[in-house]
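Asker: Got a structure for you, questions after.
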Amino acid sequence: MIKSPWIRSVRRALLAAGATTALAVGLLTATATTSQAATQGPCDIYAAGGTPCVAAHSTTRALYAAYNGPLYQIRRASDNTTLNIGVLSAAGYANAAAQDTFCANTSCVITVIYDQSGKGNNLTQAPAGGAASGPDNLANAFEAPVTVGGHEAYGVYVAPGTGYRNDNTNGITTGDQPEGMYAIFDGTHFNGGCCFDYGNAETNDHDTGNGHMEAIYFGNNTGWGSGSGNGPWIMADLENGLFSGVNQHFNAGDPTVTNRFLTAIVKGGPNQWAIRGGDAQSGSLSTYYSGVRPNVPGYNPMHKEGSIILGIGGDNSKGAQGTFYEGVMTSGYPSDATENAVHANITAAGYNSGSTSTGSLTPGSRISLQATTAPCCTTDYLRHDDADTKVVISNINSSGSATDKADATWIVRAGLANSSCLSFESANNPGQFLRHYNYELYLNTDNGGGSFAQDATFCPTTGNSGVGHSFQSVNYPTKYIRHYNFTAYIASNGGSNTWDSTSSWAQDTSWLTASPWS
């Protein structure tokens with residue numbers, strides 16, 4: 001199998017040349033005055049507001065001005081060695097280059113998400129619970145790339161079956177005591193499974209009744225509650241109910257939100273709670289609900305237990321998916337002014353989807369893949385088919401529809417199963433990747449299955465025809481991405497399948513990396 005170490009060095013060179021965005025944001029006080037917050041993180045702002053963080057988790061940046069410790073731990077598949085990923089400097093961004101180097105030629109998973117608050121509330125692999133036997137999966141360390149302040153970083157990509165937990169916490173609110181929490185999610189990555197949560201849950205991993213949880217939920221599950229539109233919604237998982245407001249089911253004031261980076265907030269105290277949200281890249285927070293507890297037995301007073309969960313429900317329900325970048329939990333009910341200042345800090349941090357260039361195989365680049373087979377197909381490009389999940393080639397030109405152009409545009413990612421190879425994420429369906437199944441190519445979201453990362457990883461080589469590049473399957477190294485009768489497969493040069501035909505194989509498996517159509 002041909003490796004491509006040049007991908008890593010090019011990537012690091014581009015990132016080193018990238019701009020750095022300073023973290024400078026004002027702390028709003030009750031009198032609406034501001035002060036320079038270049039040396040403040042979200043948890044410094046919460047502390048100044050009288051509601052200090054008791055848990056602070058992020059794989060992208062420090063959440064305190066003085067924090068200079070590890071953000072998370074990764075483990076590589078080749079030898080099961082672990083490495084802590086820290087920040088580039090105090091109050092700074094993740095040292096993602098260390099992850100790139102450590103995981104080169106293999107894959108990595110996130111094993112620990114460290115608590116920056118000093119209380120030791122780290123998140124690790126969730127154990128079995130009432131809704132699922134066996135421990136949860138760990139997140140692929142490369143599946144949620146991002147830039148923050150111009151710096152490369154990685155979020156926590158939760159595929160169904162993935163989850164983190166801490167049942168032995170320190171300082172987390174219990175009973176009816178007040179608390180607040182926020183999380184930054186990918187607002188385009190969700191489903192209706194139960195339950196993509198971050199927050200306070202049961203300490204025994206079982207459903208212990210109404211009011212025993214208080215966590216942020218994000219998704220479009222309508223089984224317990226919903227808001228306006230088709231979702232997804234920010235709701236509160238209070239156990240045995242996802243609440244979008246005071247009513248048990250529908251509340252029109254909770255809107256559908258689809259920001260690429262989403263600030264989601266839930267806070268609760270004695271007979272009061274609120275849902276707030278906003279675009280984590282710009283603008284201000286909106287309040288979707290603020291008022292009394294639901295008028296259903298068990299939720300007033302609350303019976304919070306003080307465990308922390310990420311990506312799962314309180315009883316380890318693990319059918320949900322989503323992406324997490326950072327989040328905190330506080331002691332005390334934060335004021336709106338404090339949360340507004342925290343949100344200003346978040347928008348100043350500079351979250352971005354991570355596309356750094358176009359037309360190259362550098363991870364982060366947007367490209368289109370042009371067929372080279374003459375005379376049939378030189379104006380055809382690899383694209384996903386909107387009628388189903390299959391991947392095909394078709395003619396794309398400047399007068400074509402915006403949808404066709406977007407369908408033929410891919411974001412290059414570090415290989416999910418081998419970081420020196422590549423994966424291709426759909427530009428208009430974030431979180432969905434090009435992968436093979438029964439040798440045919442599809443566009444799929446990671447379903448948590450063990451083979452997905454390998455099925456979605458391809459190693460670039462010199463084009464088999466001498467033109468462009470060919471893309472070798474990491475788990476079937478004799479097979480390359482090929483178009484055959486306008487459908488895409490992985491194919492060998494001769495074999496039992498019709499698409500393994502030797503006729504024009506070298507041309508059919510060679511692709512030009514063109515500038516993106518979208």
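The values are calculated or read from the model by the stated rules, or taken from the named source; none is laboratory data. From a predicted model like this one, the values you see are computed outputs, not experimental measurements. All Cβ positions, glycine included, derive from the backbone under ideal geometry; neighbour counts span all protein chains shown. Accessible surface is based on the protein model in full, side chains and every heavy atom, while ligands, DNA and RNA are left aside. Shrake-Rupley method; radii C 1.70, N 1.55, O 1.52, S 1.80 Å.
Asker: Hey, SER133 hits all of (1) farther than 24 Å from TYR93 by Cβ; (2) over 17 Å from the mean Cα position of the chain (by Cα); (3) surrounded by 19 or more Cβ atoms within 10 Å (Cβ to Cβ) but one; which does it fall short on?
Answerer: For SER133, the failing item is (3).
Asker: Report whether or not THR188 is open to solvent by 10 Å² or more (accessible area, probe 1.4 Å), closer than 30 Å to ASN428 by Cβ, out of contact with any helix residue (DSSP H, G or I) (no Cβ under 8 Å at 6 or more places or on another chain) and among the β-branched types (Val, Ile, Thr). Let's see the steps before the verdict.
Answerer: On the way: open to solvent by 10 Å² or more (accessible area, probe 1.4 Å): yes; closer than 30 Å to ASN428 by Cβ: yes; out of contact with any helix residue (DSSP H, G or I) (no Cβ under 8 Å at 6 or more places or on another chain): yes; among the β-branched types (Val, Ile, Thr): yes.
So THR188 passes the test.
Asker: Among what's in segment 473-492 and is open to solvent by 10 Å² or more (accessible area, probe 1.4 Å) and outside any loop (DSSP other than H, G, I, E, B), pick the residue that is farthest from ALA414 (Cα to Cα). If you could, list the steps in order and put the result at the bottom.
Answerer: Keep residues of segment 473-492 that are open to solvent by 10 Å² or more (accessible area, probe 1.4 Å), which gives 474-480, 484-487, 489, 492.
From what's left, outside any loop (DSSP other than H, G, I, E, B): 480, 484, 487, 489.
On the way: TYR480: 18, TYR484: 26, THR487: 25, TYR489: 21 Å.
Checked segment 473-492; the qualifying residue farthest from ALA414 (Cα to Cα) is TYR484.
Asker: Let me confirm something: among ASN464, ASN475, ASN447, which residue is touching a residue at least 40 places away in the same chain (Cβ under 8 Å) and out of contact with any helix residue (DSSP H, G or I) (no Cβ under 8 Å at 6 or more places or on another chain)? Quick ask: steps written out before the conclusion?
Answerer: Working: ASN464 fails: out of contact with any helix residue (DSSP H, G or I) (no Cβ under 8 Å at 6 or more places or on another chain); ASN475 fails: out of contact with any helix residue (DSSP H, G or I) (no Cβ under 8 Å at 6 or more places or on another chain).
The unique qualifying residue is ASN447.
Asker: Of the residues in segment 414-440, how many are open to solvent by less than 10 Å² (accessible area, probe 1.4 Å) and either basic (Lys, Arg) or in contact with a His (Cβ under 9 Å, 6 or more places away or on another chain) (or both)?
Answerer: Kept after step one, since they are open to solvent by less than 10 Å² (accessible area, probe 1.4 Å), are these residues of segment 414-440: 414-416, 418-424, 426, 431, 433-434, 436.
Filter once more, keeping what is either basic (Lys, Arg) or in contact with a His (Cβ under 9 Å, 6 or more places away or on another chain) (or both): 426, 431, 434.
So the count comes out to 3.
Asker: Now for a separate question. Regarding segment 248-256, can at least one residue be identified that is crowded, with 24+ Cβ neighbours inside 10 Å and among the aromatic types (Phe, Trp, Tyr)?
Answerer: There is no residue in segment 248-256 that is crowded, with 24+ Cβ neighbours inside 10 Å and among the aromatic types (Phe, Trp, Tyr).
Asker: Return the pairs, sorted by first residue and then second, in which the second residue is open to solvent by less than 40 Å² (accessible area, probe 1.4 Å) and not in a loop (DSSP other than H, G, I, E, B), the first residue lies in segment 225-249 and is under 14 Å from GLY192 (Cβ atoms) and of a type in the set (Phe, Trp, Tyr), the beta carbons are less than 7 Å apart, and the residues are 6+ apart or on different chains.
Answerer: From residues that are under 14 Å from GLY192 (Cβ atoms) and of a type in the set (Phe, Trp, Tyr), the pairs are TRP233/SER226.
Asker: Among the candidates SER290, SER282, which residue alone is under 21 Å from THR51 (Cα atoms) and either of a type in the set (Asp, Glu) or open to solvent by 10 Å² or more (accessible area, probe 1.4 Å) (or both)? Spell out how you get there, then give the answer.
Answerer: Details: SER282 fails: under 21 Å from THR51 (Cα atoms).
From the options SER290, SER282, the qualifying one is SER290.
Asker: Among the residues of segment 331-372, count how many are open to solvent by 10 Å² or more (accessible area, probe 1.4 Å), farther than 30 Å from THR173 by Cα and more than 25 Å from the chain's Cα centre (by Cα).
Answerer: 2
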